[in-house]
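The values are calculated or read from the model by the stated rules, or taken from the named source; none is laboratory data. None of the values given here were measured: they were computed from a predicted structure. Neighbour counts are summed over all protein chains in view; Cβ atoms, including those assigned to glycine, are modelled from backbone coordinates with ideal geometry. All accessible areas refer to the heavy atoms of the entire protein, side chains included, with ligands and DNA or RNA removed. Shrake-Rupley method; radii C 1.70, N 1.55, O 1.52, S 1.80 Å.
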Amino acid sequence: GDRQQSRSVAFYTSSFSIGAGLSYLMAGWIAEALDWRWAFGLASAGSVVSVLLFAALLKPHTPAVRPDRNPFDFRPVFRNRRAMGYVLAYTAHNWELFGLRSWIVAFFVFSQGLQSEGATGVLWDAAVLAALINWVGLPASVLGNEGAHKFGRRRMVYIYMGISAVLACLVGWTASWPFAVVVALMVTYAFTVSWDSSSITAGVVAAAREGERGATMAVHSMVGFIGAFTGPLVFGVVLDWQGGVDSLTAWGLAFGLLGLGVALGPVALMVLGRDNPATGRSKRGMS
């Protein structure tokens with residue numbers, strides 16, 4: 001049923017955090033043992049492994065009835081207001097998520113440089129901490145989806161993204177605080193960044209019209225990852241404009257920009273998700 005499908009989407013989406021966390025951990029170890037070139041080169045082996053797993057475990061699927069629509073015609077998806085509300089919310093989510101994950105190691109290194117001597121040690125290695133930040137995303141995404149089931153998907157996405165936006169505006173200014181506090185705040189923030197992920201993707205799947213699910217998910221990924229590309233890029237531009245990686249003000253404003261971006265997610269859902277285009281009935285408070 002819909003609940004089982006949503007849970008499957010949640011576990012699929014959150015599994016991304018496992019690979020992302022391992023990539024930070026292994027890249028740190030490989031770069032220290034060899035150099036950064038080997039870290040990048042060996043990381044690409046993950047793509048080779050994924051192709052082999054795909055070929056070995058998945059069988060080709062032939063639909064019982066071939067759709068009569070052009071598979072490259074995405075216009076019906078863009079006209080599906082409810083689905084596009086979730087797509088744009090996903091774009092805002094990726095803006096924040098990849099902004100955090102792209103710059104978290106540099107932020108921890110900056111924060112460590114502000115600490116008194118001996119305040120950090122091997123347990124506070126930046127790569128290890130970045131892996132921890134990513135792994136938090138797995139339970140966060142799954143639990144967030146369960147909360148969405150219980151209290152309403154759109155309602156909870158509003159709450160999830162709103163809390164995350166507030167924390168984003170705060171965490172960048174805390175770099176000079178005791179490092180244990182900085183780490184605790186970042187783990188909390190990372191949890192809020194990820195807990196809307198599965199709920200949004202499950203919402204897109206539920207909003208897709210019959211015969212358009214594949215096209216809808218293609219638009220979901222294509223448009224959503226525009227945010228994944230631009231978030232880290234704009235973050236870096238703000239850092240440069242406001243004094244560079246050694247400026248507390250620059251970090252505070254850059255993280256604040258992530259918060260501003262993710263705050264637009266609920267706006268997109270409110271504007272585009274009001275009516276079901278198939279029936280005209282209000283969807284407020286529903287999925």
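Scan 110, 78 and give me the residue that is more than 21 Å from residue 168 (Cβ to Cβ), out of contact with any Gly (no Cβ under 9 Å at 6 or more places or on another chain), open to solvent by 10 Å² or more (accessible area, probe 1.4 Å) and at pLDDT 90 or above. Before the answer, list the steps.
Details: 110 fails: more than 21 Å from residue 168 (Cβ to Cβ).
On inspection, the qualifying residue turns out to be 78.
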| query | Is it the case that the range 140-154 has a residue that's among the polar types (S, T, N, Q) and open to solvent by less than 60 Å² (accessible area, probe 1.4 Å)? | reply | yes
| task | Quickly run through the range 163-222 and pick out the residues that are among the polar types (S, T, N, Q) and open to solvent by less than 50 Å² (accessible area, probe 1.4 Å). | result | 164, 174, 192, 194, 197, 198, 199, 201, 216
| said: Residues that are open to solvent by less than 40 Å² (accessible area, probe 1.4 Å), within 19 Å of residue 83 (Cβ to Cβ) and not hydrophobic (A, V, I, L, M, F, W, C): does the range 236-258 have at least one? | reply: no
| task | Write out, first by first residue and then by second, each pair whose Cβ atoms fall under 9 Å of each other, whose residues are 6+ apart or on separate chains, and whose first residue, in the range 32-46, is under 14 Å from residue 127 (Cα atoms) and open to solvent by less than 100 Å² (accessible area, probe 1.4 Å) while the second is part of a helix (DSSP H, G or I) and hydrophobic (A, V, I, L, M, F, W, C). | result | 39/26; 39/27; 39/29; 39/30; 39/31
| Got at least one residue in the range 119-130 being assigned to a helix (DSSP H, G or I), open to solvent by 20 Å² or more (accessible area, probe 1.4 Å) and without any contact (Cβ under 8 Å) to a residue 24 or more places away in the chain? | yes
